[in-house]
Structure formats: C-alpha cells, structure tokens
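Heads up, the thing below is written out as structure tokens.
The values are calculated or read from the model by the stated rules, or taken from the named source; none is laboratory data. Note that the structure is predicted; figures quoted are calculated from it, not measured. Cβ placement follows ideal geometry from the backbone for every residue including glycine, while neighbour counts extend to all protein chains displayed.
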Amino acid sequence: MIFLVTFLTLVLDQLSKFLAPQFAGSLDMGLCRFIAPTQNTAGAFSVQLPNAILAGLTVFLLGCILVWVRKNPPRDNLEQISLGLILGGGMGNLLDRLLQFGVVDFISCTFWPVFNLADMAITTGVMLLFIVSLSKSKTKKSL
C-alpha cells in the first residue's frame, strides 16, 4: 500500500502543478486560493540553501525512509498511508527541483507561505505518522 499511495501522490502532485496555470484565480475559498504558479527555490519555510543541497537532502531523507520501511515494514494501514504521502510528496518536490531547479507552488493562504499538493501530502503524512506513533506508544504502555 505504501508504494501505491506514493505513486498516486506523485502523479496527483505533478498533474496539479501542470494544471495550476489554468486554475489560477478561479478557486477562492476565502482564506486560501489558487494563484499563478510560482517557482520556490528555497526550502521548507523559506530556508535559503542552494537547490543542489536541497535536492541532495531530499534524496538522503527519502533514502532513509525507504531503508527504515525495508527494515521495519509497517503493518498498520494508517502508517503505510502516512509514509506513502511523505514519500510521494517528497518525490514530487524533488522532481521539481531536478527538472525546474525549484518547487512549483500555487496555493496561497493568508496565514501560510505559498505551497502545493506535495507540501500538503508531506505535512499530512507527518501528522498521521505522529498520531500512529502516539497510539502505538499508548498501546505498549497499557500492556
């Protein structure tokens, strides 16, 4: 399931970035709206590092996750989904960095820096993984 979620996340991310120019300004949800795609050459939360270093860090982190998954195969569906979201989002942004030398962002919210579907997948995946970890630790303590 991890690799299916990874694949679907990657495809949806790249498709959304491809279609983003056509939807710029067309969807306004109050606090958030689609804008014309921008190229973000910085890292998460506008950390300024060269693109090659950011791409290298991404490859390293994705590799660490894949090694961890290989050594500790997750059995829980929620854990598999969370890891798939993180891997797919990371690969989507990595693909942007390698092909376009920056990440394509197109969702703007008044309270957050501009972002994309890959960023949403990574954030959601990390939050889900945190919840899964908390529930596992509570289960172990109650035994």
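Overview of values
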quantity	calculated
Qualifying helices (runs of 4 or more DSSP H) (wholly inside the range 45-143; at least 2 residues being closer than 30 Å to Gln22 by Cα and more than 15 Å from the chain's Cα centre (by Cα))	51-71, 77-100
Any hit, the range 104-118, residues being at pLDDT 95 or above and either surrounded by 18 or more Cβ atoms within 10 Å (Cβ to Cβ) or aliphatic (A, V, I, L, M) (or both)	yes
Subset of the range 11-64 [of a type in the set (Gly, Ala, Ser), modelled with pLDDT under 95 and within 18 Å of Gly125 (Cβ to Cβ)]	Ser16, Gly43, Ala44
Answer residue from the range 34-43, given it is out of contact with any Leu (no Cβ under 6 Å at 6 or more places or on another chain) and either touching a residue at least 60 places away in the same chain (Cβ under 8 Å) or surrounded by 15 or more Cβ atoms within 10 Å (Cβ to Cβ) (or both) and is farthest from Thr110 (Cα to Cα) among those	Thr41
Long-range neighbours under 7 Å by Cβ, at least six apart or interchain, first residue at positive phi within the range 2-21, second small (Gly, Ala, Ser) and modelled with pLDDT under 95	none
All positions within the range 52-70 that are over 17 Å from Asp119 (Cα atoms) and not hydrophobic (A, V, I, L, M, F, W, C)	Gly56, Gly63, Arg70
Selected residue [acidic (Asp, Glu) and under 20 Å from Lys136 (Cβ atoms)] from Asp76, Asp96	Asp76
